[in-house]
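The values are calculated or read from the model by the stated rules, or taken from the named source; none is laboratory data. All figures in this text were calculated on a predicted structure; none of them were measured in a lab. A quick note on method: Cβ atoms are made from the backbone with ideal geometry, for glycine too, and the neighbour counts reach across all protein chains shown. Keep in mind that these areas ignore ligands, DNA and RNA; they rest on the heavy atoms of the full protein, side chains included. Shrake-Rupley method; radii C 1.70, N 1.55, O 1.52, S 1.80 Å.
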Amino acid sequence: MKLIFITLFLSTLAISQQTGLIPTPDVDLAYEAYGAPSQATPIIIANGGPGLSHIYMIQNDVWTRISKTRQVVFYDQRGTGKSTRLSTGASQEMTAQVADLEAVRAKFGFAKFNLVGDSYGGLLAMAYASAHPEHVEKLILSDSAAPAMKNIVRVLPQVFPDMQQRTNDPQEQLRNHFRMLFYSEEKRDAYLAGAKDLGSNPEVAAAVSRAISKVDFSAELPKFNFPTMVITGRYDMNVAPLTAWNIYKAIPGATFVVFAKSGHLPSYEEPDKYVQVVN
């Protein structure tokens, strides 16, 4: 067992990692890339939130494992994480968010890439895929928001009434929110013990939430003509599986994958299956 752990650890160390900034008129976008360019189609990931950095998505080795065969690129959305050089009055509208994602693609020179949208990032991924379908080879929507925020099915208040509004501290509110996202209590506790800083910016979260409150990409989903996979955790109370099912039914030829022992973060709760499915 010890030898296996050492082998896996050394294998992870061997993965190349690249960080940097992409200057744009509105913001310097911070990125973090794993793996080297290869013949395999690269991945860009739009993380959830809004108002979170990508740090919550790299609390295990799922993405470094995937990056052994293809390049994987994360970036912090404007105003979050290390993307904090934001111009005064810079927009948080979806068009600006899409422009940022396009700037990341252009920086890496990807003619085609696979786009992963996680949670709120799924809405951003839908917006990008609608605006730039020529660059999307495949789309993965992982416990994604609905194409219109008003259509998200959430059951957190019904399932966790005791966890609602237990504190006025925004950071503790966020940690309480994450406490409700897991199927496994053991994995929940391990996640929160390891993720001391979830990279939250409440002001950005509020601004983005206002900006996206009325966007609706429902009419765009039937036009997607690239392979799409819709992932959901069976016990996702934050974005209930019905939301994923409705997205799946709206996209021609889409694939629907359920993680039977996961909440909102199947990449953390069922990592082996997640790597297999994404690969």
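Assorted remarks:
- Criterion: in contact with a Ser or Thr (Cβ under 7 Å, 6 or more places away or on another chain) and either closer than 26 Å to VAL278 by Cβ or acidic (Asp, Glu) (or both) - qualifying residue of ALA146, ALA125, ALA190: ALA146
- Qualifying residue in segment 102-109 (condition: surrounded by fewer than 18 Cβ atoms within 10 Å (Cβ to Cβ) and without any contact (Cβ under 8 Å) to a residue 24 or more places away in the chain): yes
- Only residues that are hydrophobic (A, V, I, L, M, F, W, C) and open to solvent by 40 Å² or more (accessible area, probe 1.4 Å) were counted in segment 59-93, giving 1.
- Scanning segment 258-279 for residues that are assigned to a loop (DSSP other than H, G, I, E, B) and touching a residue at least 60 places away in the same chain (Cβ under 8 Å) gives LYS261, SER262, GLY263, HIS264, LEU265, ASN279.
- Only one of the listed residues (VAL204, VAL153) is in contact with a Ser or Thr (Cβ under 9 Å, 6 or more places away or on another chain) and within 21 Å of THR80 (Cα to Cα). That residue is VAL204.
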